[in-house]
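Q: One structure, as structure tokens, below. Some questions next.
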Amino acid sequence: MKIEEFKKERERLNKVIMEHADTVTKRFFALDTQTYQAGALSAKQKELMGLAASVVLRCDDCILYLLIRAKEENCSDAEITETADIALIVGGSITIPHLRRMFDKWNEMKNMEEK
């Protein structure tokens, strides 16, 4: 799925969730938003931590969303690579297919930027 398609579909599906959301779901979404705001750790650091965790948990949607956020936070190639290193050490070789797709999407985002 292309980056822009993913973003639109994620937004659409989040609206669907909110049509059915009760207080618990709404509070969870609010907590997620608050957690990633800058505090003692920068928003960039938090996005990278989330990215490492998402690779370990093998959630491709999460990985792509957090890559988009990392790009918005101006993460460098080196920061993405070191984050991938942490995920690989923690998650082991089972994360490699997810790292392949992650770096492929990262390159796609960089190429979009250059055009």
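Q: Looking only at helices (runs of 4 or more DSSP H) that fall completely inside the chain, which ones have 3 or more residues that are surrounded by fewer than 11 Cβ atoms within 10 Å (Cβ to Cβ) and at pLDDT 95 or above?
A: Hits in the chain: 3-20, 23-35.
Q: Residues in region 3-24: is at least one of a type in the set (A, V, I, L, M), under 17 Å from K105 (Cβ atoms) and within 14 Å of the chain's Cα centre (by Cα)?
A: Yes: region 3-24 contains one or more residues that are of a type in the set (A, V, I, L, M), under 17 Å from K105 (Cβ atoms) and within 14 Å of the chain's Cα centre (by Cα).
Q: Cβ-Cβ below 9 Å, separation at least six or inter-chain, first residue in region 52-77 and on the phi > 0 side of the Ramachandran plot, second assigned to a helix (DSSP H, G or I) and basic (K, R): which pairs?
A: N74/K44
Q: Next question, about the same structure. Take Y65 and decide whether it is of a type in the set (S, T, Y) and under 17 Å from K2 (Cα atoms). Quick ask: steps written out before the conclusion?
A: Values: of a type in the set (S, T, Y): yes; under 17 Å from K2 (Cα atoms): yes.
Criteria met by Y65.
Q: Also: Restricting the first residue to region 20-38 and requiring it to be among the β-branched types (V, I, T), which pairs with a second residue that is in a helix (DSSP H, G or I) meet a Cβ separation below 9 Å and a spacing of at least six or different chains?
A: If the second residue must be in a helix (DSSP H, G or I), the pairs left are T25/I17; T25/M18; T35/K46; T35/G50.
The values are calculated or read from the model by the stated rules, or taken from the named source; none is laboratory data. Model, not experiment: these values are computed from the prediction. Because the Cβ atoms are built from the backbone with ideal geometry, glycine has one as well, and the counts that use them run over all protein chains shown.
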